[in-house]
1. Return the residue satisfying two criteria in turn: it lies in the stretch 111-129 and is out of contact with any helix residue (DSSP H, G or I) (no Cβ under 6 Å at 6 or more places or on another chain) and part of a loop (DSSP other than H, G, I, E, B), and of such residues it is least open to solvent (accessible area, probe 1.4 Å).
2. Considering only residues that are farther than 13 Å from Leu152 by Cα and among the charged types (D, E, K, R), look in the stretch 169-201 and name the one that is least open to solvent (accessible area, probe 1.4 Å).
3. Name the residue that is nearest to Val227 (Cα to Cα), counting only residues in the stretch 281-310 that are of a type in the set (Lys, Arg) and surrounded by 19 or more Cβ atoms within 10 Å (Cβ to Cβ).
4. When you check Gly278 against the structure, is it at pLDDT 95 or above, over 13 Å from Val53 (Cα atoms) and open to solvent by 30 Å² or more (accessible area, probe 1.4 Å), yes or no?
5. Looking only at the stretch 38-57, which residues are open to solvent by less than 30 Å² (accessible area, probe 1.4 Å), assigned to a strand (DSSP E or B) and not polar (S, T, N, Q)?
6. Within the stretch 10-37, how many residues are among the β-branched types (Val, Ile, Thr) and open to solvent by less than 50 Å² (accessible area, probe 1.4 Å)?
7. Identify the residue in the stretch 11-36 that is in a helix (DSSP H, G or I) and within 28 Å of Leu345 (Cα to Cα) and, among all such residues, is modelled with the lowest pLDDT.
8. In the stretch 131-152, how many residues are of a type outside the set (A, V, I, L, M) and open to solvent by less than 60 Å² (accessible area, probe 1.4 Å)?
Amino acid sequence: MTTLPRPTTTLTADDARRIALRAQGFLGAPDRRAGVRGVLRHLGAVQLDTISVLARSHELVAYARLGAVGRKAVEAAYWKGASTGVSPARPHAFEYWSHAACILPIEEWPHFAFRRRAYRDRPHWNHELPEGAYDQVIKQLRAEGPLTSTELGGAKKTNEWWDWSGTKVAVERALMYGEVVCVERRGWKRVYDLAERAVPEALLHDELDDGECLRRLVRLAGESLGVGTRADIADYHRLKGEQVDAVIADSGLVPVEVEGWGKPAWADPAALATAPRGRHRTTLLSPFDSLIWERARTERIFGFTHRLEAYVPRPKRVYGYFAMPVLAGGRLIGRVDPAREGRTLVAKQVTLDGPKAVPAVAQALVEAATWVNCTDVRVERVGTPALREPLTRELARILA
């Protein structure tokens, strides 16, 4: 941005950290009446990922904020519609491309019109679309839907993950264009239906121009972050920096200065109105949780370097395949790389900031174990060997 407005206020780094924690649902009492759907509306986007260690990432996001809500209840809350006489019931959410593949509140459908238009205008694709395949998919969904790509005729031509069949290419193209909606995941397969059936009539339109869409998403990102730089706000729904620049002055967010950040920042005015207070959540975090999904922001706010090592060759991993940061007292105090063996949660590798982190990490491990129906916790490796015995002793005390 060439011209920046003067900041309305200056925040300390700790102010910004607490504002971010509250905005993300980790500081203060959660609205349990709103439940998982409330978490989704509050965050604006919940990232999906194929990896399942303790649970899928979108389940972990709800768990991290609400505690031991049932996993089936989490899925139902995201996908199952209320009984309103509509057959089939319309979902509360849809899957689309936001920060990545994300679950999004259904009421935000109109605000992704800018992205659907961009996909329709896209000149090049990685997969060729066979002639007639698109029309056939739409015809079949109209007659038989909702269906998975397998039920539509097959997802792949070969066993290679990238080698999509013509049917898969067509239905994914239709999803990007907005003619088809992913209304749930079934056995981790997308279930597709026509948008005209899945999206409430009042929302099923692309009438908002790009500016209106971008203003809404920038405002939503600012509210979900509490406070963030231009890059933070752009990254939340994967907007371009210039798209943020074009609308941020009219988004309702206010310019602020954060000590130590060294970059201009913007805040949700509601987040500035009252000081963030309340109980801090102690929990394991999915590496794809929106509190920490942007590495530069995580380092700036928490002084914590976070990297998913699932795609790093095993010999080069430092913290483990699916190392989950541990949040306690508003700080990131360590990491746990978990696994399950029967009814035992296995902490394959634990990294602690120091002896003071032991009680909170033990608490987070036991709560996570209970949530996934494990009755025991076993620790394999601890980054600081001298902390292994205190950790296992504290686990035994809690589990007793």
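1. For the stretch 111-129, the residue satisfying everything is Trp125.
2. Out of the qualifying residues, it is Arg173.
3. Only one residue tops the list, namely Arg297.
4. Criteria not met by Gly278.
5. Val46 - this is the single residue of the stretch 38-57 that is open to solvent by less than 30 Å² (accessible area, probe 1.4 Å), assigned to a strand (DSSP E or B) and not polar (S, T, N, Q).
6. Counting residues in the stretch 10-37 that are among the β-branched types (Val, Ile, Thr) and open to solvent by less than 50 Å² (accessible area, probe 1.4 Å) gives 2.
7. Going through the qualifying residues, I end up with Gly35.
8. Matching residues across the stretch 131-152 total 7.
The values are calculated or read from the model by the stated rules, or taken from the named source; none is laboratory data. Computed from a predicted structure; not experimentally measured. Don't worry about glycine lacking a Cβ; one is built from the backbone with ideal geometry, like all the others, and counts go over all protein chains shown. Side chains are part of the model used for accessible areas, which takes the heavy atoms of the whole protein and leaves out ligands, DNA and RNA. Shrake-Rupley method; radii C 1.70, N 1.55, O 1.52, S 1.80 Å.
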